[in-house]
Every structure is written in C-alpha cells, then in structure tokens.
Amino acid sequence: MTFDSMWRDLGAVGRDARSGGYRRFAWTREDHTLREWFVGEAESRGLDVTIDRVGNQWAWWGDPDGASAGGRRGVVTGSHLDSVPDGGAFDGPLGVVSAFAAVDALRDKGFEPDRPIGIVNFVDEEGARFGVACAGSRVLTGAMTADRARSLTDGDGVTMAQALAAAGRDPEQLGPDGETVRRIGAFVELHVEQGRHLVDVGAPVAVGSDIWPHGRWRIRTLGEANHAGTTRLEDRDDAMLGFAAAVIAARRAAETHGCVATVGKVVVTPGGVNAIASEVTAWLDARGADQAAVRRVVDDVTEVVDDFGGLVVEDSWTGPTPFDPALVRRLATRLGGIPVIGTGAGHDAGMLANAGVPTAMLFVRNPTGISHSPEEFATSRDCHAGVDALVTVLTDLAGARA
Ligand code: GLV
Ligand code: MN
Ligand code: MN
C-alpha cells in the first residue's frame, strides 16, 4: 500500500528519540529532508513540481495554467509537513501523504481528470519557529506582508530572511503570489481531527465547516535582574509577577467569556534559578466561537499586564472563517451524509478560504482526541478511510463535467 510505505518513510524524519514527538521546523535540515521527500514523491509519479514565491511546494497532475487556455482551474489538496515542538506524526503529514495516495488510487482506477489536480506542502504552517501560524499561506495570499515575514525572528534571533537565505532561497522573492492562488479552483485539506467529536459520534471521517476566530499575542513584562538571596522583597522589581498574573488572568477570562486561552511558551531573561527576572516574553493563544468574546479575553489580560507596566502586542489574528457552504454540502452529500464539524484549530485552508478560494476540509478520527503531542493518533483503517473519502471528493470535483 503506497500510503503505508510513504508513512514509514516519513516516520523517522525529525523525531525526537526522548519524547517520541516531532521537531520539524521551517527552513531547517529536517524541513529540507521533508521538502526533498515531497519532490521525490511527485517526480516518481510524473507530477510537475512548482514552488511559489513563498516556498510552498505544489505537485501538479495536469497543466495548472490550463484555465488560461479555456480549461478549468485546479482542484488542490494537501497540507503541511512541519510540526509544533514535540508534535504528533499526523498533524499535517496525514493530508500530504493521503493526497499522494489518493492520486495513486485515482490512476489505478483509470481516472482521467477534467481539470488539473494539485498537491500542496505549505511551509511553516505551525509557526513553531518564527511565531506566526500559517506563515506560508499567509504571505501567499497577502494576509501578511513580505516585509513583516522577513523580519520575524526565531528563538536564536535568526530572521526569516536569514533562514531563507541559508536554505538557498532569495528572501526578496517572498511575497503574495496571485498567479499561484488563481490556479486553485477548489481546495480540500484532509487533516487529523484535533478533538474528540468523531470518537463520540463513531464516524471515521467528517467534513469541516469552519474555523473559530483565533490569534496570538506577545506579552512582555520588565523588571530588574538582581540576586535571589540578597534582594529584599520590597526592593524587587520582578518581571515574573506580571507574567504569572497574566497566565491566571487568561484562564479566568477564557472561563468568563466562553473561550479557550493558552500560554504555552515563555522566555525568561536572564533565566537563572538564583536571579530575579529582568524580562519575560510569553505568548498568548486565544480562540473561541465568538470573535468579540475572544477580544474580551485579550482585553482582560491586557488590563492585568498594564497594571504591571507590561505590554501585549498582537502577533496574528484570523477572524471567523466559514468554508464554502456549497462545497461543504457537496462533500457531505457525496460522502454519504457524514458529520459536518467546525474546529478551533487553525489551518492553511482558512487562509485560502479568506482569500476567496472555495475551500473545505476533511477530518479523520483521532482516537486519543489529543493533538500537538506525540499522543496524536489515527488508526491505519481510518487513514485509509480518509484516502477513500479524498478519492471520492477528487473524482467528483475533478471529474468530467456532467
Ligand atoms: C495549528 O495547528 C493551530 O491551530 O495553532
Ligand atoms: Mn497543528
Ligand atoms: Mn495542521
């Protein structure tokens, strides 16, 4: 089975032996290996590989520019290959591997697409290195400027421009790429489910209907470095206190306003056990069904951080993102009335939907309900059910016009 052998090939790339999780960050050696893997899979199938201005990789079955000669625009599927720190194996790769497996299955049954079929590997979906999620599709669609992207820094102070150059890309190339976006007539991203809905309803696959509003904010509090043993409590200016208050405030505000809020990353300066913190930078992730409620969470946290003389700055924001209702209905019907579910997770599909591309998603059941962790899982049987669903969708969307 091609799915299983591709899955095995990817299994070792970027896997941390201690945690069992994946560390696949944008424009690193691991990312390079994954990008080479993508090109190898595409070429072994005779698909044409193109790379857009941002570095996202596209593999085409058929001429992606055929629409300019009177043909139809492409049907694109795929996802991303990068991960969060110690991420699971499925978030991202499941969509890319399933896409190649679906193309194989279509060819095995002699399917001849009436419009080009594309497979995409979006770069830097998780934003694990430079802080902004969906960076590849965000810049592609113009939702983030190239200047801002180039100047983002990783934990070592390396800018995205420097990382691109080190990976052999010209950072000046970075920018929105309308030509690439115009090739996409419809986008369907297959993804592992990141919650428990499909376990609860006993279904292997669902259609995604929408993405919750969500964003990331950077919290910065300042203090004065000093000795942990000799500085009297009343003399201290401890940056940690504002940070701690912000974490508690985020949790309380999320409860109050019916949202979720997470502080999952923090950098403390100077970072000594026996030194009072002079500076803390922390990242707040807040999401919810109602965008006004998410804003209230951030306002509440900002008020607390203000009281400590700190700052809260928005890193990224994505408003409510409904997928194309007609496409969602069409997929759900073709797939036999399977569940239709929304998600609190962000996806490149959201960026494309917000850029006006008819977009939907497919979710594959995750029996643990856990994601962004090595516990993330999908059974082989459900992965194959996902591929079958994708085959049905591509047959429908790329098949000959009735
Ligand atoms: C990406 O998976 C996100 O939702 O942050
Ligand atoms: Mn993710
Ligand atoms: Mn993902």
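Answer yes or no as to whether D147 is more than 21 Å from T50 (Cβ to Cβ), within 14 Å of ligand 1 (Cβ to nearest atom) and surrounded by fewer than 24 Cβ atoms within 10 Å (Cβ to Cβ). Reasoning before the result, please.
Working: more than 21 Å from T50 (Cβ to Cβ): yes; within 14 Å of ligand 1 (Cβ to nearest atom): no; surrounded by fewer than 24 Cβ atoms within 10 Å (Cβ to Cβ): yes.
So D147 does not fit the description; no.
Test of understanding: among G242, G229, G223, G157, which residue is closer than 30 Å to A292 by Cβ, over 22 Å from the mean Cα position of the chain (by Cα) and either modelled with pLDDT of 95 or more or not assigned by TED's automatic domain parsing to the domain that holds V273 (or both)?
The match here is G242.
Only strands (runs of 3 or more DSSP E) wholly contained in the range 38-131 count here; list those with 3 or more residues that are closer than 25 Å to L174 by Cα and within 17 Å of the chain's Cα centre (by Cα).
The strands (runs of 3 or more DSSP E) meeting that bar are 74-80, 117-122.
If I ask for residues that are over 25 Å from G350 (Cβ atoms) and in a loop (DSSP other than H, G, I, E, B), which ones from the range 151-184 would you list?
The answer is G155, D156, G157, V158, A167, G168, D170.
Residues checked against (1) in contact (Cβ under 8 Å) with a residue 24 or more places away in the chain; (2) charged (D, E, K, R); (3) surrounded by 19 or more Cβ atoms within 10 Å (Cβ to Cβ):
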site	(1), (2), (3)
T221	yes, no, yes
E224	yes, yes, no
T230	no, no, no
E234	no, yes, no
L241	yes, no, no
A246	yes, no, yes
A253	yes, no, yes
A261	yes, no, yes
V267	yes, no, no
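Quick one: which of G272, G336, G342, G346 is part of a loop (DSSP other than H, G, I, E, B) and within 16 Å of ligand 3 (Cβ to nearest atom)?
Going through G272, G336, G342, G346 in turn, just one is part of a loop (DSSP other than H, G, I, E, B) and within 16 Å of ligand 3 (Cβ to nearest atom): G346.
Applying the selection to the range 349-380, what residues are aliphatic (A, V, I, L, M), touching an Asp or Glu at 6+ places or on another chain (Cβ under 7 Å) and part of a loop (DSSP other than H, G, I, E, B)?
The one that is aliphatic (A, V, I, L, M), touching an Asp or Glu at 6+ places or on another chain (Cβ under 7 Å) and part of a loop (DSSP other than H, G, I, E, B): I370.
Hey, F122 hits all of (1) closer than 23 Å to A186 by Cα; (2) touching a helix residue (DSSP H, G or I) at 6+ places or on another chain (Cβ under 7 Å); (3) more than 16 Å from ligand 1 (Cβ to nearest atom) but one; which does it fall short on?
(3)
Taking only pairs six or more apart or across chains, which ones have beta-carbon atoms under 7 Å, a first residue in the range 355-374 that is within 21 Å of P204 (Cβ to Cβ) and among the hydroxyl-bearing types (S, T, Y), and a second residue that is outside any loop (DSSP other than H, G, I, E, B) and within 13 Å of ligand 1 (Cβ to nearest atom)?
S371/V192
Run down G55, G88, G74 and say which single residue is within 19 Å of E126 (Cα to Cα), away from ligand 2 (no atom under 16 Å from the Cβ) and in contact (Cβ under 8 Å) with a residue 24 or more places away in the chain. Reasoning before the result, please.
Values: G88 fails: away from ligand 2 (no atom under 16 Å from the Cβ); G74 fails: within 19 Å of E126 (Cα to Cα).
So the residue among G55, G88, G74 that is within 19 Å of E126 (Cα to Cα), away from ligand 2 (no atom under 16 Å from the Cβ) and in contact (Cβ under 8 Å) with a residue 24 or more places away in the chain is G55.
Yes or no, residue by residue, for (1) among the basic types (K, R); (2) touching a residue at least 60 places away in the same chain (Cβ under 8 Å); (3) more than 16 Å from ligand 2 (Cβ to nearest atom); (4) touching a Lys or Arg at 6+ places or on another chain (Cβ under 6 Å):
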site: F38; (1), (2), (3), (4): no, yes, yes, no
site: V49; (1), (2), (3), (4): no, no, yes, no
site: S79; (1), (2), (3), (4): no, yes, no, no
site: G95; (1), (2), (3), (4): no, yes, no, no
site: A101; (1), (2), (3), (4): no, yes, yes, no
site: L106; (1), (2), (3), (4): no, yes, yes, no
site: P113; (1), (2), (3), (4): no, yes, yes, no
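Considering each of A345, A353 in turn, give the residue that is crowded, with 23+ Cβ neighbours inside 10 Å and within 15 Å of ligand 1 (Cβ to nearest atom).
Working: A345 fails: crowded, with 23+ Cβ neighbours inside 10 Å.
On inspection, the qualifying residue turns out to be A353.
Residues checked against (1) surrounded by fewer than 20 Cβ atoms within 10 Å (Cβ to Cβ); (2) away from ligand 2 (no atom under 16 Å from the Cβ); (3) over 17 Å from the mean Cα position of the chain (by Cα):
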position: V139; (1), (2), (3): no, yes, no
position: E179; (1), (2), (3): yes, yes, yes
position: V188; (1), (2), (3): no, yes, no
position: H197; (1), (2), (3): yes, yes, yes
position: A203; (1), (2), (3): yes, yes, yes
position: R216; (1), (2), (3): no, no, no
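Can you tell me which residue among G127, G92 is within 29 Å of D4 (Cα to Cα) and either crowded, with 24+ Cβ neighbours inside 10 Å or aliphatic (A, V, I, L, M) (or both)?
So the residue among G127, G92 that is within 29 Å of D4 (Cα to Cα) and either crowded, with 24+ Cβ neighbours inside 10 Å or aliphatic (A, V, I, L, M) (or both) is G92.
The values are calculated or read from the model by the stated rules, or taken from the named source; none is laboratory data. Keep in mind that what you see is a predicted model, and the values were worked out from it rather than measured. Glycine gets a Cβ as well: all are built from the backbone with ideal geometry, and neighbour counts include every protein chain shown.
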